[in-house]
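Taking it in order: structure first as structure tokens, then the write-up.
Bear in mind that the values in this text are calculations on the coordinates, not laboratory data. Just so it is clear, the model here is predicted, and its values are computed rather than measured. Please note: Cβ atoms are built from the backbone with ideal geometry, for glycine as well, and neighbour counts cover all protein chains shown.
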Amino acid sequence: MLIARDIVVKHRRRTILHGLLFRAEAGQVTAIIGPSGAGKSTLLGTLSGDQPFEGRITLNGRDIRGARPAEMARQRAVLPQAMPMAFPFTVAEVVRLGLHEAMALPHVVAQALGRVGLAGREAALFQELSGGEQQRVHLARVLAQVWAPVTGGAPRWLLLDEPVSSLDIGHQLQVMAIVRAFAGQGGGVVMVMHDLNLTAMSADSVALMQAGRIVAQDRPGAVFTDALLGAAYGCAVAVNRTPRDCAYVLPQVAGGPGG
Ligand SMILES: Nc1ncnc2c1ncn2[C@@H]1O[C@H](COP(=O)(O)OP(=O)(O)OP(=O)(O)O)[C@@H](O)[C@H]1O
Ligand SMILES: [Mg+2]
């Protein structure tokens, strides 16, 4: 379990997260959604242990406040929303950034790249890749870091900030299949998402954020309502159901042909 209680985060004197409660279970995919500026990345950074906070966070039953960086690195891998590379790294070098020296072996790098559809691209220059390819290299780095979803009986965690934001539908589904498989094997996944339909189809639990608070956390079917989404995003949406009872969301465009 990953449990965050009474979390307050401040930047200078401004309060960004207002005493919120968040929980994620191993074996599940938990999504964080909400409008831009709601505090999703701040919450993910706080869960990662990369952000000073008030309150208490336990990861697999242990308080993260006292945890050493090496211990945190064994238990979770973090994909930040933006990770600019200042130097002309190759793809293989970027993937190796996430690895302990003893694990930074060519076959580990090759397998991680293969999982994100970039097999054989080790020698390419990271800066010369497309935006979506760069995003998948970072995902490979994160996957290489945690590798097995469970070690020594304890789940490992993937903390991903908008992992599919630059990807086409085929690669989005590939990434969702990776995170579902990771959770299916006992690992924990927390991911920040803007694509509501992909979220409804992929997540077991959804935390909806607005203005530094979690306004609802529940299964997608309970969070995806016209009222909750419309209020949080400040726009008109219509939630529908597929024949398999999965929610999907249509924006309501004023004056549009579909309206
Ligand atoms: N380092 C910082 N210093 C000051 N304010 C910050 C800092 N990081 C974030 N904030 C503020 O905190 C609020 C929440 O930011 P955050 O990045 O968590 O939003 P978000 O929900 O991830 O948005 P988006 O969907 O645009 O990525 C914003 O108003 C932002 O300006
Ligand atoms: Mg963000």
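Using only the Cα atoms, what convex hull volume per residue in Å³ does the chain have?
Taking only Cα atoms, the chain has a hull volume of 148 Å³ per residue.
Can you tally the net charge around A232? Count Lys and Arg as +1, Asp and Glu as -1, for every other residue whose Cβ sits under 14 Å from the Cβ of A232.
0
Once both labels are modelled 7 Å past Cα along the beta-carbon direction, what's the S36-A254 spacing in nm?
If labels sit at S36 and A254, their model points lie 1.9 nm apart.
Which net charge results for the neighbourhood of F182, defined as the other residues with beta-carbon distances under 11 angstrom from its beta-carbon, given Lys and Arg at +1 and Asp and Glu at -1?
+3
Considering the dipole of region 39-81 built from charges on the beta carbon (Lys and Arg +1, Asp and Glu -1) around the Cα centre, which of P80, N60, L44 is farthest to its positive end?
Highest projection toward the positive end goes to N60.
With angles folded into 0 to 90 degrees, how steeply does helix 131-146 sit against the dominant principal axis of the chain? Use alpha carbons for both and round to 10.
Taking Cα atoms only, the helix is inclined about 70 degrees.
Looking at the chain only, what percent of DSSP beta bridges run antiparallel? Nearest 5 please. Write out the running numbers ahead of the final one.
Details: 28 of 45 bridges.
Of those bridges, close to 60 percent are antiparallel.
So if R0 is 45 Å, what FRET efficiency would D204 and M83 give, r being the distance between their Cβ atoms, rounded to the nearest 0.05? Each step should come with its number before you reach the end.
Numbers: r = 27 Å, r/R0 = 0.60.
Given R0 = 45 Å and the Cβ-Cβ separation, E is 0.95.
Please name which of V237, I214, A104 has its Cα lying farthest along the dipole of the chain towards the positive end, using unit charges on Cβ (Lys, Arg +1; Asp, Glu -1) and the Cα centre as origin.
Result: I214.
Can you give the charge dipole size of the chain about its Cα centre, rounded to the nearest 20 debye, using +1 on the beta carbon of Lys and Arg and -1 on the beta carbon of Asp and Glu?
Details: 24 positive and 19 negative charges, 130 e Å.
It works out to roughly 620 debye.
Under the 0.36 nm per residue contour assumption, what length would be gained going from the current alpha-carbon distance of A67 and R5 to full extension?
So the chain would gain 20.6 nm between A67 and R5.
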